[in-house]
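**Student:** Before I ask anything, here is the structure I am working with.
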Amino acid sequence: MLRGASPGGEYKSLDPNILRDLAPHHPAMSQLSFEGLTVIVTGAGGGLGKTYSLFYASRGANVVVNDFNAAAAQKVVDEIKQAGGKAVVNNSSVTDGAAVVKTALDTFGGVHILINNAGILRDKGFRNMSDKEWDQVQEVHLKGAFSCTKAVWPLFRKQKFGRVVNTSSAAGLYGNFGQTNYSAAKMGLVAFTKTLAREGEKYNIRATAIAPMAASAMTETVMPPEMLANIKPEFVAPFVLAVTHPSSPADASGKVFELGAGFVAEIRWERSKGAVFKTDETFTPSAVKERWSEVTDFTNAEHPQSVTDFDAQGTLQKATSLPANKQASPEVRFDGKTVLITGAGQGLGRAYALMYGRLGANVVVNDVSEKGANAVVDEVIKAGGKAAAAVGSAEDGDALVKVAIEKFGTVHVLVANAGILRDKSFTAMSEQEWDSVMAVHLRGTYKCAKACWPHFVKQKYGRIVTTGSQVGIYGNFGQANYTAAKAGIIGFTRGLAIEGAKYNIKANSIAPSAGTAMTMTIWPPEMVQAFKPDFIAPIVGYLSSEANEETSGKLFEIMGGWAAQTRWQKAGGHGFPVNKPLTPEAILSKWDVITNFDDGRATYPTSTQDAFEQMAQNFGHEEAGDASSSGSSPYADPEDSELVAKAKLHVEPPFEYTYTERDVILYNLGVGATEKELQWTFENDDEFSALPTFGVIPQFPASSTFPMGWLPDYNPAKLLHGEQYLAIKAPIPTSGQLVNEARLLEVLDKGKAAAVTMIVETKEKSSGKVIFENQSTVFIRGSDRGPATAPNKPPKRSPDAVAEEKTLPSQAAIYRLSGDPNPLHILPEFAAVGGFDRPILHGLCSYGISGKHVLKNFGPFTDIKARFAGVVYPGETLVTEMWKEGGKVIFVTKVKERNAVVLTSAAVTLVNKAEKAKL
């Protein structure tokens, strides 16, 4: 019989002997055992959940393998049992936590550990996201975690032991494009975890949040295979076991950790000292603008752990004793702007409405109370302002925005302020209390933003201020629903900021503390009076104004005349070797390093790309031994000379390439795109894209700067491009950060000359996804490399299509702005050294123009190859002759004026091989 279970299945307190028996003995740490403990893992049919289940079972635990896919769950259970372990299937929805836990009780008599891992993706740009896609993600991630945790909570309290791990994500911490629903849910789980840790502390219940990067059924749809190989779930599971063992570090509870690819680091909140303003009529948005740099200055920053880590009364006293606030010029105003404020019938919303009215805005006052909304409208109008009431729930965002459109023509600003409190200890909290708080706060914010979004996008202007809370940042006893909703709003807002950037839409979150109808129920009267809503409004005013041109996706804590920015700080962490199994014991041995913020290695990530960077740096971390590097090149050839073999061993550091839509437009113009081709020259065109041959640009600095000094008598002035092969491996982002990895592929000795081929792999920095592969050859081609070296002889018939384009006299000067620094293309003196009577057009410019011709006549292609057979002088006319041969288009490019061939042995492989397609 299991210790901890009575013969009849009734659960009793965990036997202290289990804790003693399972604890590792230091200093020589023994293997952590989970014998006698029961673990529920949700979403365990594959990926992380499966790996957790197998690992727990291997350490003696009883495992409840939950997954909606019963067959997948059964396979995991079978695998565990075949290895001698104990496991059972549960295929209930995670929103029915009671049913999940019942399986554990019926089969094993109890439950000790809950891993909330179940999740789904419904990624979509915010403009196109449906309510169903929003609701489904919240249901599985947030409601599922609530429901399962709620079901185990009384058991954990009774036995004075429990461990909970909630699965967040970098997208939740920082926001991510196309994932506003997912970002909201995942950030909500962070504050939910912090609150569980506070409420569970006296019962030895610990809760930890993780933001893992690991291969799974979800991630395999968005990540390339080579990336997935580096982020195996086996690099995450040991951490989860380490923090859920009875002897787990107490300081893991309530904390957040980023992990993946063998790298682990704690992440915590850091808050600026901020600025304190005098709390009188001079505390205005203009006063905030004047001192904004103080608000965002992280010199001597603080690292609060709770809402009480702030001297509120002292700050208020300071605020009242300061001299009048200096005002910025010009004044921050809202003339001609329409502002929608939810929950504006009283409290903060009312203070906002009166402020906006004074500053010239058209104010739409929303509240569920018709009386309250109309009363505030009357106040605004009596003060000389313009206002209209929009009575109804924030969940009916479309109706509220309709009022703004009907009364004032459009909407420019959304202040999402509506909220309710349904505070209750987690033990006593009902499902209805959870749902109602989520509906008003999180879903209401989503619905209002969704209704405003098309108007913001169309007018290329919008400002959004959402309302988080300090308890949403730090967690708070008795507010699991409220903290999760408020944190969810923060994650959602960061996603909006990313998606809105190109449309001049700024979105920020505030965490205000003020005396309102909500706080009146929990604050003493004197505190309600001291911390007036009027002292929050000026910060909101500045953030939502045209004067705010830069701040977006940020979080600010505000109260009593004080405002400060709060951001993430990440410990330097520890990277474990990736060529040996990671264990829980190894995690615990480096715990002090994983959680150390004071060793000078801390960073301040602001994006999923930043979060991924340290993990990616650990990809090649191998411990010396059997699996160490062979010291050979992947492109080694037995026929290589000693000189060449040595050169192939050289590995240059990865070269980063950051670009924006401006760079894409500049390239497109450089290869002849015109102002009429808006899909290539206007960033806000719905079909805006990079021409496929843009793929040669990011790699150019990596391939062109690869050391060539080992070549005898090397002279860059006499180096000419021989061939270029480009493979487009994935859709081309119109902006982003790329990483280029260059290696020497092939060298052919031609006596007094050499044919040198470089290979460059260009990857998206954030995901590791390969976007381009380039092979660049100086002078002549080398050995067979498939499409890269195909002869591509034109068939003996008339071309299927011919395109003609006169280059500009300034074409070379324009093209070099895309990153080609070679003076051969701009300086007559340097061109003369190379044997040319004037500067020549870059071969890759002719390559890009020809690629554009093929694209316009036959549609998208996956790769393009050409041999450079002659030079083009700026101002000459290029003629591209094209023949479609099956899935290929063979082409030859000539200079019309001289009838000289400049590109030969050239072809593309079409994406759509069956039909001819024109743009």
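**Student:** Which ³J(HN,Hα) values, rounded to whole Hz and listed in residue order, are derived for the stretch 245-262 from phi using the Karplus coefficients 6.51, -1.76 and 1.60 in 6.51 cos²θ - 1.76 cosθ + 1.60 with θ = phi - 60°, glycine and proline given as x?
**Tutor:** 6, x, 9, 4, x, 4, 7, 7, 6, x, 9, 10, 10, 9, 7, x, 6, x
**Student:** Amide H to amide H under 5 Å from residue 90: which residues, 5+ apart in sequence or cross-chain, H placed 1.01 Å off N in plane?
**Tutor:** 65, 66, 67
**Student:** Provide the packing ranking of 171-183, 261-273, i.e. peptides ordered by the mean count of other C-beta atoms within 10 Å per residue, highest first.
**Tutor:** 171-183, 261-273
**Student:** Also: Antiparallel as a % of all DSSP beta bridges within the chain, to the nearest 5? Mind showing how you got there, number by number?
**Tutor:** On the way: 86 of 140 bridges.
Close to 60 percent.
**Student:** Let me ask you something else. Quick query: amide H of residue 562 versus all other amide H atoms, modeled in the peptide plane; which residues come in under 5 Å with a sequence gap of 5 or more or a different chain?
**Tutor:** 277
**Student:** What ranking of 425, 58, 513 emerges when the number of other C-beta atoms within 10 Å of each C-beta is taken as an exposure proxy, fewest first?
**Tutor:** 425, 58, 513
**Student:** If I require 15 Å or longer along the helix axis, counting alpha carbons, and a Kyte-Doolittle average no lower than 0.5, what helices from the chain are left? Use full DSSP H segments.
**Tutor:** Result, helices passing both filters: 97-108, 397-408.
**Student:** Moving on. Ranked by Cβ crowding within 10 angstrom, fewest neighbours first, how are 67, 534 ordered? Mind dumping the intermediate values first?
**Tutor:** Details: 67 27, 534 19.
Placing the least packed residue first, the sequence is 534, 67.
**Student:** Based only on the alpha carbon positions, what is the Kirkwood hydrodynamic radius of the stretch 233-358, in angstrom?
**Tutor:** Result for the stretch 233-358 stands at 19.1 Å.
**Student:** Here is a further query. In what sequence do 615, 129 fall when counting other Cβ within 10 Å, fewest first?
**Tutor:** Placing the least packed residue first, the sequence is 129, 615.
**Student:** Hey, could you get me the Stokes-Einstein D for the stretch 325-365, Kirkwood radius over alpha-carbon pairs, 37 °C and 0.692 mPa s, rounded to whole µm² s⁻¹?
**Tutor:** 306
**Student:** Then there is this: Once phi is turned into ³J(HN,Hα) by the Karplus curve 6.51 cos²θ - 1.76 cosθ + 1.60 with θ = phi - 60°, what whole-Hz value does each residue of the stretch 556-569 show in order, with x for glycine and proline?
**Tutor:** Using θ = phi - 60°, the values come out as 10, 9, 9, 6, x, x, 10, 9, 8, 8, 10, 9, 8, 10 Hz.
**Student:** For the stretch 59-201, compute the orientation-averaged projected area of the C-alpha convex hull (one quarter of its surface), in nm².
**Tutor:** Directional mean of the projected Cα hull area for the stretch 59-201 stands at 9.4 nm².
**Student:** Let me ask another. Add -39500 (n - 2.57) for each DSSP H run of 4 or more in the chain, then divide by its residues: what number comes out at 222 nm, to the nearest 500 deg cm²/dmol?
**Tutor:** On the way: 32 runs with 303 residues, N = 919.
Roughly -9500 deg cm²/dmol at 222 nm, from the helical runs in the chain.
**Student:** Amide H to amide H, which residues 5 or more places from residue 807 or on other chains are under 5 Å from it, using H placed in the peptide plane?
**Tutor:** Correct list: 875, 876, 877, 878.
**Student:** Continuing with the same structure: Taking θ = phi - 60°, what integer Hz values does the Karplus form 6.51 cos²θ - 1.76 cosθ + 1.60 yield along the stretch 304-311, in sequence order, with x for Gly and Pro?
**Tutor:** Once rounded to whole Hz, the list reads x, 10, 8, 5, 7, 7, 6, 8.
**Student:** Over the Cα atoms of the chain, what radius of gyration and what Dmax do you get, in Å?
**Tutor:** In Å, with Rg to one decimal and Dmax whole: 31.3, 97.
**Student:** While we're looking at this one, here's another question. Take the Cβ-Cβ distance between residue 649 and residue 621 as r, set R0 to 30 Å, and report the resulting FRET efficiency rounded to the nearest 0.05.
**Tutor:** 0.90
**Student:** Okay, moving on. Peptides 681-690, 74-83: what's the order by average Cβ count within 10 Å, highest mean first?
**Tutor:** The most tightly packed comes first, giving 74-83, 681-690.
**Student:** Could you sort the peptides 845-857, 452-464, 154-166 by per-residue average Cβ neighbour count (10 Å cutoff), highest mean leading?
**Tutor:** Highest mean packing first, the order is 845-857, 154-166, 452-464.
**Student:** In debye, nearest 20, what is the charge dipole magnitude of the chain about its Cα centre with +1 on Lys and Arg Cβ and -1 on Asp and Glu Cβ, if you could check?
**Tutor:** 1020
Each value in this text was obtained by applying a stated rule to the coordinates, not by laboratory testing. In this text the structure is predicted, and so the values were computed from the model without any measurement. With ideal geometry, Cβ positions are generated from the backbone for all residues, glycine too; neighbour counts draw on all protein chains shown.
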